[in-house]
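Asks: Before we start, here is the structure in question, set down as structure tokens.
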């Protein structure tokens, strides 16, 4: 995989730039194949690769004291406070801090003015319009729903790390995996889900990709059971929208429902219908009449 990924930076033109994550040692190995100007970024300003790079007078982006800074030719400048980047949800979404630093590096390499970079980061959100399928959060007051297109173990981990930083009472997972994944990869996602969620609802993609009905669901269920999750906390509902409706009816105050989806639009429609219905129910407790 490192070799495949390194092909991207090998193809960069000499007058271009390769923006690399200095916190990933695999990426740092690919650094030696990278063409163009090397720009590094890191969550840790004391990262050894960042220090070496800056000591050579090169450009790097890093986090310090809750800010994203850019340093070039020995001069450092605060780009933006992390809390001012909506996509990070006040710093809860670590992966979007990384994405923001990468965006700063790419934009700077293209000679984009720093003020333009700041305004862009301040206006970019994780909603369905700006970034569909990537940690799209719907707040239903009592509980929240997150729609994410994560379809591998890394995607699941990244999403759950962010969810935990939001301090939910419980995490309800609606999980599924494309049928063209290896059995062992599907099982590992099941195990991880069993360790990460309080309750799991297993659904299946409409496109089974050569699998038998419920084949992937059963592998996920076995993985969750192997992790130690009790059967009573696992439910199989193959149809995605039905699974979400079930979760909505079971959710309690403070819960977060996480849906790893195949098709986003029907789920958004289901959420909007649920919100409309919820808002149409009168608050009788506030309309009591004493006689």
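A short reminder: the numbers here are calculations on the coordinates, not readings from a lab. All values reported here derive from a predicted model rather than from experimental measurement. Cβ placement follows ideal geometry from the backbone for every residue including glycine, while neighbour counts extend to all protein chains displayed.
Asks: What's the extension gain from residue 56 to residue 182 if we count 0.36 nm per residue and subtract their Cα-Cα distance?
Replies: Stretched out fully, the residue 56 to residue 182 stretch lengthens by 40.9 nm.
Asks: Separation between the residue 123 and residue 92 pseudo-spin-labels, each 7 Å from Cα along Cα→Cβ, expressed in nm?
Replies: 2.5 nm
Asks: Under the 0.36 nm per residue contour assumption, what length would be gained going from the current alpha-carbon distance of residue 141 and residue 253 to full extension?
Replies: 39.5 nm
Asks: Considering the chain, what Rg and Dmax in Å follow from its alpha-carbon atoms?
Replies: Both quantities, over Cα of the chain: 22.2, 84 Å.
Asks: Right, here's the next one. Please work out whether the stretch 87-189 counts as rounded, prolate or oblate from its C-alpha gyration tensor, where a ≥ b ≥ c are the square roots of the eigenvalues and a/c under 1.5 means rounded, while otherwise a/b larger than b/c means prolate and anything else oblate?
Replies: It is oblate, given that a/c is not under 1.5 and a/b is not larger than b/c.
Asks: Find the relative contact order for the chain and round it to a whole percent, using C-alpha pairs within less than 8 Å whose residues are 6+ positions apart.
Replies: This gives 13 percent for the chain.
Asks: Please work out whether the stretch 194-268 counts as rounded, prolate or oblate from its C-alpha gyration tensor, where a ≥ b ≥ c are the square roots of the eigenvalues and a/c under 1.5 means rounded, while otherwise a/b larger than b/c means prolate and anything else oblate?
Replies: Since a/c reaches 1.5 but b/c is at least a/b, the shape of the stretch 194-268 is classed as oblate.
Asks: I'd like the antiparallel share, as a percent to the nearest 5, of DSSP beta bridges with both residues in the chain.
Replies: For the chain, the DSSP antiparallel bridge percentage is about 40.
Asks: Which angle between 0 and 90 degrees, to the nearest 10, do you get for helix 240-250 versus the longest principal axis of the chain when only C-alpha atoms count?
Replies: It is inclined by approximately 70 degrees.
Asks: Would you mind checking the stretch 178-193 for residues with the amide N under 16 Å from a putative spin-label position 7 Å along Cα→C-beta of residue 231?
Replies: Answer for the stretch 178-193: none.
Asks: Per the helix-only calculation at 222 nm, which mean residue ellipticity applies to the chain, given -39500 (n - 2.57) for every DSSP H run of n ≥ 4 and division by its residues, nearest 500 deg cm²/dmol?
Replies: Here the helix-only value at 222 nm equals -12000 deg cm²/dmol.
Asks: Once both labels are modelled 7 Å past Cα along the beta-carbon direction, what's the residue 207-residue 149 spacing in nm?
Replies: With each label point 7 Å from Cα toward Cβ, the separation is 1.2 nm.
Asks: Cut-off 11 Å, label point 7 angstrom out along Cα-to-Cβ of residue 5: give me the residues of the stretch 148-181 whose amide nitrogen falls inside.
Replies: Nothing falls inside the zone, counting backbone N under 11 Å.
Asks: While we're here: Where does the stretch 2-123 land on the Kirkwood hydrodynamic radius, alpha-carbon pairs, in angstrom?
Replies: 14.5 Å
Asks: Over the stretch 64-113, what relative contact order in percent results from Cα pairs under 8 Å that are six or more residues apart?
Replies: 21 percent
Asks: Based only on other Cβ atoms within 10 Å, what is the fewest-to-most ordering of 78, 216?
Replies: 78, 216
Asks: Which whole-number percent gives the relative contact order of the stretch 156-284, counting Cα pairs below 8 Å spaced six or more residues apart?
Replies: Result for the stretch 156-284 is 31 percent.
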